[in-house]
Amino acid sequence: MKVSLKWLSEYVDITAPLEKLAERLTMAGVEVNETQVIGAGWENIVVGKIVSVDAHPNADRLRLATVDLGKQQITVVCGAPNLAVGDKVVFAYVGAQLVDGHTGEIIQLKPANIRGIASEGMVCSEKELGISDRHEGIMVLSPEAPIGAPLSEYLGDAIFDLDITPNRPDCLSVIGIAREVTALTGNKLHIPEVHYGELEDAIDSFASVEIIAPDLCPRYCASLLTGVKVAPSPQWLQQRLFACGMRPINNIVDVTNYVMLEYGQPLHAFDYGGIRGKQIIVRRAGEGETITTLDGVERILNQNILVIADKERAIAIAGIMGGLDTEVTDDTTTILIESANFNQAVIHRGSISLRLSSEASLRFEKGLSRDLPLVALKRATQLMLELSGGKVARGLIDVYPGKQQREPILLSTAQVKRLLGIEVDVSEMVKVLRLLGFGCEQTESSSQVRVNVPWWRTDINCTADLVEEVARIIGYDSIPTTMLSAPLPIHKSMPMLSLRHKLRSTLVSCGFQEVLTYSLTSSEMMSKLSPEPHLMGLTPIKVANPMSREQEYLRTSLRAGLLSVLARNERYMEGGIRLFEIGKTFLLQEKDLPQEREMLCAVLSSLQPELSWQGKAGPVDFFVAKGIIETLSSRLKLVASFEASEDEGLYPGRSAHIIIDNKKIGVIGELHPKVSEAFELTESAYLIEIDLERLLPHAASPKKYQPTPRYPSMIRDIALLVDEQRIYQQIHTIIQDSPLVDQVALFDVYSGEQVPEGKKSLAFRITYQSATHTLTDEEVDEVQQQILDRLSRELGATLRA
Amino acid sequence: MVLNQIEELASRAFDELGKVTNSRELEAWRVHYLGRKSNLTQILRSLATLPLGERCGVGARANEVKEAFEASLAEKKKSLEQGLPLSLQRESLDVTLPGQQVLLGRLHPTTQILDEICDIFSGMGFQVVEGPEAEWEYYNFEALNMPVDHPARDMFATLWIDFETEAGDRPMLLRTHTSPVQIRVMEKSHPPIRVIAPGRVYRYEATDATHEWMFYQVEGLAVDKNITLADLKGTLFEFARRLFGGGRKVRFRCDYFPFVEPGVEVAIDCLVCGGAGCRLCGNSGWIEILGAGMVHPEVLRRVDIDPEVYSGFAFGMGVERIPMLRYGIDDIRLFYSNDLRFLRQF
Ligand SMILES: [Zn+2]
């Protein structure tokens, strides 16, 4: 909200420098975003009076204006249509900085010769002064403007642009800010006094108000003026509205806006002549009922919208916008001013369902005080009477079904200390609260007061609220800093955190870059993950109000995000791309929150990284990817085994389940060529996917210590001939499970010359170890023979000569 | 027969000795030709088993060869030692050639800063906890003192999950902040509580250089007897000091969040202009880093913690902001578009 300091200073003396005041307001919760000084550049610009207007000898459209500037009179050439003798205007001497009326750029005024007439100086428009965009004619000042006075003194101002938090609708007003300034500076507050004379005729003879929906309209007040003359507002009023970012319309509408800015209460002026049946009815709209609002748009209403109606039809959407039928026009002579309180929810919902918000609705939906309508109505009535002539009908309408009693709140010094950690004595507390307009009464206890909340503070409901009031006025800076001193709570172990940590650090050491991708994805993305153009097995969860089709579904897997990142980066990276993400996937559950499963997904591009002068490294293949799993499991002190799998996103015959302690915890494999193609990958890639929730129980259990061997080990190499399709895993298991065998390592796989057709040779190095004695050759020979016998019996393996 | 063997051995040995270029190879040569298990030693040991006629000749020749071996060994040793500086020079490397590259990945900058934040608070006794990203409206709003139609809800543009109850309500959403974790923690545990909760949050928001629809927050909560706003100040000052260094100024000002009272906004002096005012700080000289306050009594009451007995503070901060300030990153969208040329800088 914008507040003019000139206006503000009508209610409270401003003694502090602007910057200081802005800082104090900001610190106390009323944030000053920006301070704009109006007239800071108005040097060599003064108030003048037009004393004569003559024709230009050489141009029809130009005229010569002679301006009285007090000390001298200057004649300048001017093209404005509204030059009138006697008007007070703004005169710029040569050298003044002005806004160019056409280009909008800042220019310095130079002496000119226009069609043969010398012109030193200029009569300015509002646009040229940077006050508004008006450039149709020159700016005409009010008749009281002092001739010769610098414009910066006469019209200069400073504007605070404020961020008002949603709990403080009372601060969406100049008086609200004045109250804050009073509390912060101690300077006295002056609220305008309201008096006006009334007609004999009572308002009741003109109109009555009925509230059919009292839950949505706790209070409705109205006054009535007859014989008004609708005209433009005086300049001071127009200027204030401008300064606060509003456009002046006419003296009637401008008064309602002015009082809204002044007090924070939205008001509405009806052309009384348009109200049928002399009756105002506040009711819910009918389903499908229509109204054409002031902006000329026909709106279709529903039952959740509150309207102001007459006997026959809706004449305004309550709290949001007036109707066109009862708009105040130049012909209007009788005005009904509405000042009401509406339920904040109905205004909020109405504004959303109509996609229509206004200065009024923005205020109502924050919840305004029910005491405010009457105060603001009286002020508006007085101003309208002053500015538009006419007479005020006797009395006011005040229908108030929602009257409430507010209970006082008890506040003690102990409560302040308990929340703030600082001693504030009662007298200080009372001083601060009284400056803010709170009433404080003594209680039986000398360290406690009974606090009555002023009517405009709808946000204060409990002790903590009062403590904040005290704190923000004495200043958060005066609160000390202390460290938590109580004993530490018991910490539970968080195995998932440590698992994630281990996996991340291991993958990073293996050359994987961590990425974080969006949790929302599109059905198109998901369908790329399978060669068949249907969604991957799991049903994704939909967002009800997605921002775009790309962000419509919660991801059920990390694959799509990672593969898109891979594809995007392939465009400027020469191979060697390894990526991983650990994140949540979302699985549908019946009538419950989605199941959030934490997954690890990693991808490796098959292309090796940049060339090395020491020779190119081998290709990235399935076994490189598999080595990553083995490294990860080794980091977790686990042993992973693998079992061929079928996964619709992976290359048939080149994918496997990852198995830990007989449980499938993930998959590994080469991408299905069609998936590769769908993601527009230039090279084939390998994918690892681990379900962390499944891995966790195995990773969390600590392993027992094994003593280091005290006796020497014995190493034997054997080469076995086996059928081509024999699976290594079975051979390995038989050897590994034999007595005395400590380690088994495959070091060669060979088929070709010297190996019979349909066979392959596997060479193993076996390390034998005993925990109790030094092994002898005979002992090892015997064990090895048993191994060979078993391999031959179960797998048909023979020792290669 | 054996004599032939000796001659063969000798010629092979001298041949190989000629090829020896360093002391390691020389030692291997010695073990092979003069060691306990060497052929020559075997021959000398087994002289007794030879026929008498052969024994003399073989013995003499073997000893001769042995002496020749020993002499040549000594000579070679000497020459190697003399030639060492030269051969070292010959074997010198161009040490400016690139080293062999080991692939090294990096953690995402968000993960790095989250780890850093969590470490700082762990050091102050806060336990890391987590909560769901898809959340009930109750936890995201209502339990945090924001009933339906509360004006503060407008500060949180929400992405709703497409699920309706029979009554036509839409009770699930993507959490708009990490604050619902406060409620979940307080529901399950009793004071003393001291936790931080990092995680993803979502907003229905158009993206630009300073706005993302998905980002990370860290929530903090401490509840116990006698926790005060002064403790909150102390904790957050210490955090700012550890994260940004001791020289930073920290500002505490009154602000409003429905689930705390009193409410606080914490800012640090601008890293770019040092408080003088610039574009980054909107000419204020201050950069907001987090929102905080004393847990609202209504919030405590709702989770059955008596606000007359216990008090607590809570805070929440945006995470990406911190590396943005620290590294001068001017577009938040860089974080989750995952361009490796960006990510590898951290
Ligand atoms: Zn700055």
Ratio of alpha-carbon Rg to the 2.2 N^0.38 Å globular estimate for the stretch B:2-81, to two decimals, please. 1.14
Any chance you could check the Cα centroid distance between the stretch B:173-205 and the stretch A:637-677 for me, in angstrom? 36 Å
Just the C-alpha atoms of the stretch B:6-133: what Rg/Rh do they give, with Rh taken as the Kirkwood radius? 1.53
If you build the convex hull over the alpha carbons only and average its shadow over all orientations, what do you get for the stretch A:409-478? Give it in nm² to one decimal. 4.2 nm²
Take the Cα of B:ASN226, step 7 Å along the line toward its Cβ, and report every residue of the stretch B:303-333 whose backbone nitrogen sits under 17 Å from that point. B:308-313
Say each of B:ALA157 and B:ALA68 gets a label point 7 Å from the Cα, pointing the same way as Cα to Cβ; how far apart are those two points in nm? 9.7 nm
Using the Kirkwood radius over Cα pairs of the stretch A:400-449, the Stokes-Einstein translational diffusion coefficient at 25 °C and 0.890 mPa s, in µm²/s and rounded to a whole number, is 201 µm²/s
Taking a ≥ b ≥ c as the square roots of the eigenvalues of the Cα gyration tensor of the stretch A:239-284, is the shape rounded (a/c under 1.5), prolate (a/b larger than b/c) or oblate? prolate
Relative frequency of Cα-Cα separations exceeding 18 Å in the stretch A:330-456, percent: 69 percent
From the square roots a ≥ b ≥ c of the eigenvalues of the alpha-carbon gyration tensor of the stretch A:45-155, which class results: rounded (a/c under 1.5), prolate (a/b over b/c), or oblate? rounded
Qualifying lysines (Cα of each under 25 Å from Cα of A:LYS637; at least 8 residues distant if same chain): A:LYS492, A:LYS502, A:LYS584, A:LYS626, A:LYS663, A:LYS664, A:LYS703, A:LYS704
What base-10 log of the normalised intensity I(q)/I(0) is obtained for the stretch B:269-346 from the Debye formula, alpha carbons as equal point scatterers, at q = 0.10, 0.19, 0.26, 0.27 Å⁻¹? -0.44, -0.84, -1.17, -1.21
Straight-line reach check, A:LYS391, cutoff 29 Å on alpha carbons, 8 or more apart in-chain or any other chain, hits among lysines -> A:LYS229, A:LYS278, A:LYS311, A:LYS378
Ordered by residue, what ³J(HN,Hα) values in Hz, to whole numbers, does the stretch B:91-96 give under the Karplus form 6.51 cos²θ - 1.76 cosθ + 1.60, where θ = phi - 60° and Gly and Pro are x? 8, 5, 10, 7, 5, 8
What is the log10 of I(q)/I(0) for the stretch A:496-700, computed with the Debye formula using one identical point scatterer on each Cα and no solvent, at q = 0.12, 0.14 Å⁻¹? -0.60, -0.83
Dipole magnitude of the stretch A:714-799 about its Cα centre (Cβ charges: Lys, Arg +1; Asp, Glu -1), debye to nearest 20: 260 debye
Answer rounded, prolate or oblate for the stretch A:693-795, using the Cα gyration tensor with square roots of eigenvalues a ≥ b ≥ c: rounded when a/c is under 1.5, else prolate when a/b is larger than b/c, else oblate. oblate
At a threshold of 8 angstrom on Cα-Cα distance, excluding pairs fewer than six apart, so keeping six or more, what relative contact order does the stretch A:45-155 reach in percent? 30 percent
Could you pull out the chymotrypsin sites (Phe, Trp or Tyr not before Pro) across the stretch A:577-632 that fall in loop regions by DSSP (anything but H, G, I, E, B) with no more than 12 other Cβ atoms inside 10 Å? A:TRP613
Semi-axis lengths, Å, the stretch B:71-216, gyration tensor of Cα atoms, sqrt of 5 times eigenvalues: 65, 20, 13
Could you tell me the convex hull volume per residue, in Å³, taken over the Cα atoms of chain A? 301 Å³
Long-range HN-HN contacts of A:VAL37 with modeled amide H, under 5 Å: A:ILE159
Test item: Cα-centred dipole of the protein assembly as shown, Lys/Arg +1 and Asp/Glu -1 on Cβ, debye: 2280 debye
Angle check, please: helix A:777-795 long axis (alpha carbons) against the longest principal axis of chain A (alpha carbons), in degrees 0 to 90, nearest 10. 70 degrees
So if each residue of separation counts as 0.36 nm, and I subtract the Cα-Cα distance between B:HIS190 and B:ASP208, what length gain in nm does that give? 2.3 nm
Using the C-alpha gyration tensor of chain B, what are the square roots of 5 times its eigenvalues, in whole angstrom, with the largest one first? 82, 25, 20
Give, in nm to one decimal, the length gained when the segment between A:LEU746 and A:ALA771 is fully stretched (0.36 nm per residue of separation minus the Cα-Cα distance). 6.6 nm
Setting aside same-chain residues fewer than 8 positions from B:LYS77, which lysines have a Cα under 26 Å from its Cα? B:LYS19, B:LYS37, B:LYS66
Each label point is 7 Å from the Cα along the Cα-to-Cβ direction; what then is the distance between the points at A:GLN36 and A:VAL297, in nm? 2.5 nm
Measuring from the longest principal axis of the C-alpha atoms of chain A, the long axis of helix A:18-27 (C-alpha) lies at a number of degrees, nearest 10, equal to 50 degrees
Treat each spin label as a single point 7 Å out from the Cα along the C-beta direction, and report the A:LEU488 to A:VAL194 distance in nm. 6.2 nm
If you keep only loop residues by DSSP, which GluC sites (Glu not before Pro) in the stretch B:272-346 have at most 15 other Cβ atoms within 10 Å of their Cβ? B:GLU308
Can you compute the label reach from A:TRP613? Point 7 Å from Cα along the Cβ direction, backbone N cut-off under 16 Å, restricted to the stretch B:74-104. B:92-102
Taking 0.36 nm per intervening residue step and subtracting the Cα-Cα distance, what contour gain separates A:ARG247 from A:THR708 on full extension? 157.2 nm
Please work out the Kirkwood hydrodynamic radius for the stretch A:203-399, using every pair of different C-alpha atoms, and report it in angstroms with one decimal place. 16.4 Å
Efficiency of FRET between B:GLU54 and B:ASP15 - r from beta-carbon atoms, R0 35 angstrom, step 0.05: 0.85
Looking at the P(r) of the stretch A:536-592, how many percent of alpha-carbon pairs lie beyond 14 Å? 65 percent
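Bear in mind these aren't lab numbers, they're just calculated from the coordinates by the rules spelled out. Here the structure is a predicted model, which is why all the values come from computation and not from measurement. When we count neighbours, we look across all protein chains shown, and the Cβ atoms used for this are built from the backbone with ideal geometry, even at glycine.
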